[in-house]
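Undergrad: Handing you this structure, nothing more for now.
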Amino acid sequence: MQKDFYDTRRRLSAAIEVIAAIDDQRIPAAKALKEWGTAHRFAGSGDRAAISGLIYDVLRRQASSAWIMDDDTPRARVLGMLTTERGLGVEAIAAFCDGSRFAPEALSDSERSALASRSLRDAPAHIAGDYPEWLDGHLAEVFGDERVAEATAMASRAPLDLRVNTLKAKREKVLGSLAHLGAVATPWSPIGLRIVLGADARNPGVHAEEDFIKGAVEVQDEGSQIAALMSGAKPGEQVIDLCAGAGGKTLALAAMMQGKGRLIATDDDKRQLAPIHERLSRAGVHNADVRTPKGAADTLADIKASADLVFVDAPCTGTGTWRRNPDAKWRMRPGALEVRVREQAEVLDRAASLVKPGGRIAYVTCSVLAPENSGQVAAFTARHPEFAVVPPQQTAAVLWDKAEAFVEAARLTDQGLLMTPHRTGTDGFFVSLLTRKKA
């Protein structure tokens with residue numbers, strides 16, 4: 001216990017140092033942590049994990065922590081986080097900050113007073129919810145008075161979710177083999193596992209596990225698993241993953257297709273596709289055709305309105321993944337939203353040309369913002385009246401006995417279904433399934 005106490009003091013000092021580097025150099029947290037580790041090679045893996053946990057907790061609670069301390073310095077944000085996120089009282093914080101060797105300086109009278117008396121009760125929504133002020137209108141549009149609760153959940157640390165590859169394994173068996181990591185079944189996904197992580201916990205070495213090496217599991221948030229399931233990909237269909245990236249959802253679609261049919265994976269950015277070949281091989285996928293873009297040539301020129309399903313995992317702002325990338329929300333600018341909305345419209349129009357009559361588009365984002373989700377789908381159906389939205393209740397039927405409870409937990413609009421950390425315990429994902437009317 002005494003060692004833990006002294007370790008925490010050293011780690012708090014390091015966290016203040018790294019936060020200052022992030023501020024001064026305007027660099028991502030991952031880079032700042034890497035540079036700190038290079039300069040402090042003596043630090044063990046436990047120290048590095050704990051310091052990383054402190055840094056990301058500060059970034060998650062950056063605005064509220066500064067508000068509590070009535071000060072926006074790196075030290076103030078670290079101290080404020082200890083009460084807003086870690087739940088420590090004034091005396092516990094003071095014990096760690098006593099000015100001794102390796103410990104942060106002792107608390108000043110004003111710091112003690114702030115920690116003891118200030119709260120978030122009267123804080124503006126963007127402060128209490130820890131998000132940029134310019135996004136308040138967008139979050140209010142979607143969540144209304146619940147936006148603080150929703151944003152607070154998006155600021156909490158995410159669990160580590162895994163998807164069982166049903167081409168190679170069954171969930172019950174993998175649950176047993178990964179029990180030593182604390183793996184349990186996910187609440188909604190019938191093929192998911194979850195490992196809950198504490199504030200200072202290191203990510204378990206999943207990539208070294210036999211189940212991962214042999215392709216029985218992949219790292220994938222439960223919301224992402226559900227998004228793939230809701231597409232309804234079936235064996236024997238022709239399926240196109242239009243924004244495949246590194247292939248996470250391609251693998252999920254392949255498992256749903258049971259190795260039967262034609263699966264085409266492509267992406268405008270060939271660099272994003274680089275890992276997909278090895279991942280497909282490890283997962284035992286043999287019916288996938290990866291098409292890497294080459295110059296101005298159309299990689300899907302042979303697809304003439306013949307696809308049963310076009311899966312669009314659209315480029316987006318990533319607001320639904322804030323709990324995994326807390327520093328990203330503070331770097332986001334209004335112009336990024338405008339760019340993503342334009343890109344989404346373009347990829348949806350491309351998808352429309354690939355779908356056969358009676359076929360469907362699964363439109364997915366990891367965003368919670370209406371312009372990227374309901375607004376985007378409404379604009380698409382206005383441009384393409386030959387497409388209609390499938391009611392989310394019908395789309396969620398793939399979740400079997402949990403469909404009704406899941407739909408009740410999620411947020412529904414006329415254009416689709418929105419998952420959030422607050423309501424479904426997943427990352428933020430929007431899913432809309434659109435069918436092309438038969439001639």
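Undergrad: Identify, please: which residue in region 148-175 is under 18 Å from the mean Cα position of the chain (by Cα) and among the charged types (D, E, K, R) and is, among those, modelled with the lowest pLDDT?
TA: Residues of region 148-175 under 18 Å from the mean Cα position of the chain (by Cα): 149-163.
Those left that are additionally among the charged types (D, E, K, R): 150, 157, 161, 163.
On the way: 150: 97, 157: 89, 161: 97, 163: 98.
It comes out as 157.
Undergrad: Kindly indicate whether residue 250 is without any contact (Cβ under 8 Å) to a residue 60 or more places away in the chain and closer than 25 Å to residue 410 by Cβ. Before you say what the answer is, go through the steps one by one.
TA: On the way: without any contact (Cβ under 8 Å) to a residue 60 or more places away in the chain: yes; closer than 25 Å to residue 410 by Cβ: yes.
Judged against the criteria, residue 250 is a match.
Undergrad: Shifting gears a bit: If you take the residues of region 7-20 that are within 16 Å of residue 76 (Cβ to Cβ) and among the small types (Gly, Ala, Ser), which of them is nearest to the chain's Cα centre (by Cα)?
TA: In the first step, residues of region 7-20 are kept if they are within 16 Å of residue 76 (Cβ to Cβ); the result is 12-13, 15-20.
Those still in the list that are among the small types (Gly, Ala, Ser) too: 13, 15, 20.
Details: 13: 29, 15: 24, 20: 26 Å.
It comes out as 15.
Undergrad: A further question follows. Take residue 215 and tell me if it is in contact (Cβ under 8 Å) with a residue 12 or more places away in the chain and over 27 Å from residue 367 (Cα atoms).
TA: Details: in contact (Cβ under 8 Å) with a residue 12 or more places away in the chain: yes; over 27 Å from residue 367 (Cα atoms): yes.
When the stated conditions are applied, residue 215 passes them.
Undergrad: With the requirement that a residue be open to solvent by 10 Å² or more (accessible area, probe 1.4 Å), within 24 Å of residue 258 (Cα to Cα) and out of contact with any strand residue (DSSP E or B) (no Cβ under 8 Å at 6 or more places or on another chain), what does region 208-241 give you?
TA: 210, 213, 214, 229, 235, 236
Undergrad: In region 85-106, which residues are surrounded by 13 or more Cβ atoms within 10 Å (Cβ to Cβ), in contact with a helix residue (DSSP H, G or I) (Cβ under 6 Å, 6 or more places away or on another chain) and closer than 17 Å to residue 19 by Cα?
TA: Residues satisfying the conditions are 85, 103, 104.
Undergrad: What helices (runs of 4 or more DSSP H) completely inside region 292-395 contain at least 2 residues that are touching a residue at least 24 places away in the same chain (Cβ under 8 Å) and more than 30 Å from residue 160 (Cα to Cα)? Please lay out each step first, then the result.
TA: Working: elements: 326-331, 334-352, 374-383, 392-395.
Qualifying helices (runs of 4 or more DSSP H): 334-352, 374-383.
Undergrad: On to the next question. Which residue out of 109, 136, 161, 122 is over 21 Å from residue 80 (Cα atoms) and open to solvent by 30 Å² or more (accessible area, probe 1.4 Å)?
TA: Working: 109 fails: over 21 Å from residue 80 (Cα atoms); 161 fails: open to solvent by 30 Å² or more (accessible area, probe 1.4 Å); 122 fails: over 21 Å from residue 80 (Cα atoms).
Among 109, 136, 161, 122, only 136 is over 21 Å from residue 80 (Cα atoms) and open to solvent by 30 Å² or more (accessible area, probe 1.4 Å).
Undergrad: Yes or no: region 96-104 includes at least one residue that is of a type outside the set (D, E, K, R), assigned to a helix (DSSP H, G or I) and in contact (Cβ under 8 Å) with a residue 60 or more places away in the chain. If you could, list the steps in order and put the result at the bottom.
TA: The initial filter retains those residues of region 96-104 that are of a type outside the set (D, E, K, R), namely 96-97, 99-100, 102-104.
Filter once more, keeping what is assigned to a helix (DSSP H, G or I): 96.
Narrowing further to those that are in contact (Cβ under 8 Å) with a residue 60 or more places away in the chain: 96.
Yes, region 96-104 contains at least one residue that is of a type outside the set (D, E, K, R), assigned to a helix (DSSP H, G or I) and in contact (Cβ under 8 Å) with a residue 60 or more places away in the chain.
Undergrad: Take the residues of region 258-286 that are among the polar types (S, T, N, Q) and surrounded by fewer than 16 Cβ atoms within 10 Å (Cβ to Cβ): which is farthest from residue 245 (Cα to Cα)?
TA: First, pick out the residues of region 258-286 that are among the polar types (S, T, N, Q): 258, 266, 272, 281.
Next, only the ones that are surrounded by fewer than 16 Cβ atoms within 10 Å (Cβ to Cβ) stay: 258, 272, 281.
Values: 258: 21, 272: 5, 281: 16 Å.
So, considering only residues that are among the polar types (S, T, N, Q) and surrounded by fewer than 16 Cβ atoms within 10 Å (Cβ to Cβ), the one farthest from residue 245 (Cα to Cα) is 258.
Undergrad: Of the residues that sit in region 28-60 and are open to solvent by 20 Å² or more (accessible area, probe 1.4 Å) and outside any helix (DSSP H, G or I), which one is nearest to residue 198 (Cα to Cα)?
TA: This residue is 44.
Undergrad: Filter region 106-136 for residues that are in contact with a Lys or Arg (Cβ under 8 Å, 6 or more places away or on another chain) and either assigned to a loop (DSSP other than H, G, I, E, B) or within 28 Å of residue 47 (Cβ to Cβ) (or both) and give the result.
TA: 129, 130, 131, 132
Quick grid of which residues meet (1) modelled with pLDDT of 95 or more; (2) open to solvent by less than 40 Å² (accessible area, probe 1.4 Å); (3) under 25 Å from the mean Cα position of the chain (by Cα); (4) not aromatic (Phe, Trp, Tyr):
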| site | (1), (2), (3), (4) |
| --- | --- |
| 344 | yes, yes, yes, yes |
| 351 | yes, yes, yes, yes |
| 356 | yes, no, no, yes |
| 382 | yes, no, no, yes |
| 386 | yes, no, no, yes |
| 418 | yes, yes, yes, yes |
| 425 | yes, yes, yes, yes |
| 428 | yes, yes, yes, yes |
| 439 | no, no, no, yes |
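The values are calculated or read from the model by the stated rules, or taken from the named source; none is laboratory data. Just so you know, these numbers come straight off a predicted model, no measurement behind them. Note that each Cβ is placed from the backbone with ideal geometry, even for glycine, and that neighbours are counted across all protein chains shown. The accessibility values were calculated without ligands, DNA or RNA, using every heavy atom of the protein model including side chains. Shrake-Rupley method; radii C 1.70, N 1.55, O 1.52, S 1.80 Å.
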